[in-house]
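Undergrad: The structure is given below, and queries will be raised subsequently.
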Amino acid sequence: MLEICCGDIESVIAAAKGGADRVELCSALSEGGLTPSIGLIKAAVNIPGIRVHVLIRPRNGDFLYNDTERDIMISDIEAARKAGAHGVVIGALTPDGDINIDTCSSLINAADGMDVTFHRAFDVCRNPEEALETIIKLGCTRILTSGQMPSAIEGTATLRRLNELASGRIILLAGAGVSSGNAKDIIIQTGIRELHASARSTVSSAMRFRNSQVSMGNKDSDEYSRLITDADIVKQLSEIVHS
């Protein structure tokens, strides 16, 4: 299975065109991903031939959430489910770096039978083996992880060990830095059969008039180019994953 992380509707269309099986829909990819708008969710689920999983993350930063943030995530899950999303992507930790069982249970209950992926909060937890067992008991479908390393290719040893420990009880989804150049190696070295990638390339703005003196984000950001999913890159990955 190939999952593509998408931050706009053009990227969802490109992911479907390239042969991806599923998208993780989010906003603010530069922040590691945040919950997308309900309008984007509704548009994405209308793209034929691809499943849509919605990231549920109310802010950037750590994964230690208070009660108000938990309630926001529950509302977002309910909205995503009503909009027709096939699954949600969740995660929460305790101050000591363990899986927050109470918060995650509330989020899973709100999903009401939808596919549930535990996101890369797993990669900053205290004990991955213990966390694996906890997430399995919670009833999640899969875990998105780089093996607690900056990229999946660097985390292959841990990914292989976790996949062996999981023993078919949960799906491991290898993500972070996945490309057509390393996808085959990740699959061979870990035994994991699901990969997560952004598969993006830079696209220049169609704006003819440009005011280079004004920035909407960081001071040095380029407001007239952006990264979006590239159907050709997705196709390359799809051929590797599905071969």
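Undergrad: Do we have residue 189 as open to solvent by 20 Å² or more (accessible area, probe 1.4 Å), touching a residue at least 12 places away in the same chain (Cβ under 8 Å) and of a type outside the set (Asp, Glu) here?
TA: yes
Undergrad: A follow-up question, please. How many residues are in a loop (DSSP other than H, G, I, E, B) and exposed (fewer than 14 other Cβ atoms within 10 Å of the Cβ) when one looks only at the stretch 75-98?
TA: Summing the residues that are in a loop (DSSP other than H, G, I, E, B) and exposed (fewer than 14 other Cβ atoms within 10 Å of the Cβ) in the stretch 75-98 gives 3.
Undergrad: If you take the residues in the stretch 31-45 that are touching a residue at least 24 places away in the same chain (Cβ under 8 Å) and of a type outside the set (A, V, I, L, M, F, W, C), which one is farthest from residue 15 (Cα to Cα)?
TA: For the stretch 31-45, the residue satisfying everything is 31.
Undergrad: Quick one: which of 47, 72, 101, 4 is aliphatic (A, V, I, L, M), farther than 23 Å from residue 137 by Cα and open to solvent by 40 Å² or more (accessible area, probe 1.4 Å)?
TA: Just one listed residue meets the conditions, 72.
Undergrad: Can you name the condition, by its number, that residue 15 falls short on among (1) in contact (Cβ under 8 Å) with a residue 60 or more places away in the chain; (2) surrounded by fewer than 24 Cβ atoms within 10 Å (Cβ to Cβ)?
TA: It fails just one condition, (2).
Undergrad: Further, regarding this structure: Which residues, counting only those in the stretch 203-229, are part of a loop (DSSP other than H, G, I, E, B) and farther than 17 Å from residue 30 by Cα?
TA: 205, 206, 207, 208, 209, 210, 211, 212, 213, 214
Undergrad: Follow-up question, since we're still on this one. Report those helices (runs of 4 or more DSSP H) wholly inside the stretch 122-202 carrying at least 3 residues which are at positive phi.
TA: none
The values are calculated or read from the model by the stated rules, or taken from the named source; none is laboratory data. No experiment lies behind these values; they were computed from the predicted model shown. Cβ atoms come from the backbone with ideal geometry, glycine included; neighbour counts cover every protein chain shown. Side chains are part of the model used for accessible areas, which takes the heavy atoms of the whole protein and leaves out ligands, DNA and RNA. Shrake-Rupley method; radii C 1.70, N 1.55, O 1.52, S 1.80 Å.
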